[in-house]
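Written below as structure tokens is the structure these notes are about.
Since every read-out is calculated from the coordinates, none of them should be taken as a lab result. Quick caveat, the model's predicted, so the values are computed rather than measured. Positions of Cβ are generated from backbone atoms using ideal geometry, with glycine treated the same way; all protein chains shown enter the neighbour counts.
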Amino acid sequence: QVNKFFTRKNFIFIFFRDTTIQQLTASPALKDGKLVYEDSPLVKACLNGHVLIIDEADKAPTHVTAILRSLLECGHIRLPDGRVISKDDDADIKLHPDFRILALANRPGFPFLGNDFFGACGDSFSW
């Protein structure tokens, strides 16, 4: 089953200890003197039904990984610019039915010193 993930278009997002919710969802940028929000790999994958591969998921703060858990369990998140990604038909960004997340994480503690990603979100990442 994992093989089918690699035949589809995918985005890779590497988490760090200082990864923020804003980096995960959308980033502000200046274009032609105007403030615009550029969609993150997560948003692009949700919109187009791609696979988001997250590396070092255990390194991100738990409030960042909670966003992923909300998206996977409830099918709903609000972006910093006010748009909503949801399974609902009236959402600003409709969550594509083929969207998937493949998360890679180390076990907590020595020698990796990451957070307990599987304890906080592991059940959301099983199928």
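At 222 nm, what value in deg cm²/dmol follows for the chain if DSSP H runs of at least 4 each add -39500 (n - 2.57) and the sum is divided by all its residues, to the nearest 500? Walk me through the numbers before you get to the answer.
Working: 4 runs with 31 residues, N = 127.
Value at 222 nm, helices only: -6500 deg cm²/dmol.
Taking square-rooted eigenvalues a ≥ b ≥ c of the alpha carbon gyration tensor, is segment 85-124 rounded, prolate or oblate, where a/c under 1.5 means rounded and, failing that, a/b exceeding b/c means prolate?
Numbers: a/c = 4.00, a/b = 3.31, b/c = 1.21.
Because a/c hits 1.5 or more and a/b exceeds b/c, segment 85-124 counts as prolate.
Which is the longest part of the chain that has none of the trypsin sites (Lys or Arg not before Pro) sitting in a DSSP loop with at most 15 other Cβ atoms within 10 Å?
Counting only loop sites that pass the neighbour cut-off, the longest clear stretch is 18-86.
Out of all DSSP beta bridges in segment 1-111, what portion is antiparallel? Express it as a percent rounded to 5.
45 percent
Mind running the shape call on segment 1-75? Use the C-alpha gyration tensor, a ≥ b ≥ c as the square roots of the eigenvalues: rounded below 1.5 for a/c, prolate if a/b tops b/c, oblate otherwise.
Judged from the Cα gyration tensor, segment 1-75 comes out oblate (a/c at least 1.5, b/c at or above a/b).
Take a quick pass over the chain and tell me how many lysine pairs come in under 29 angstrom between Cα atoms, counting only ones 8 or more apart or on separate chains.
The result is 18.
Which residue, L52, L113, L35, has the most motion in a Gaussian network model of the chain that connects Cα atoms within less than 10 Å?
Greatest mean-square fluctuation among the candidates belongs to L35.
Could you tell me the calculated FRET efficiency between H76 and I14, based on Cβ-Cβ distance and R0 = 30 angstrom, to the nearest 0.05? Mind dumping the intermediate values first?
On the way: r = 25 Å, r/R0 = 0.83.
Efficiency computed from Cβ-Cβ geometry: 0.75.
Using only alpha-carbon positions, what ratio does the radius of gyration of the chain give when scaled by 2.2 N^0.38 Å?
Here the answer is 1.07, to two decimals.
On a 0 to 90° scale, report how tilted helix 62-74 is relative to the longest principal axis of the chain, with both axes built from alpha carbons and the result rounded to the nearest 10.
For 62-74 against the chain, the angle is about 70 degrees.
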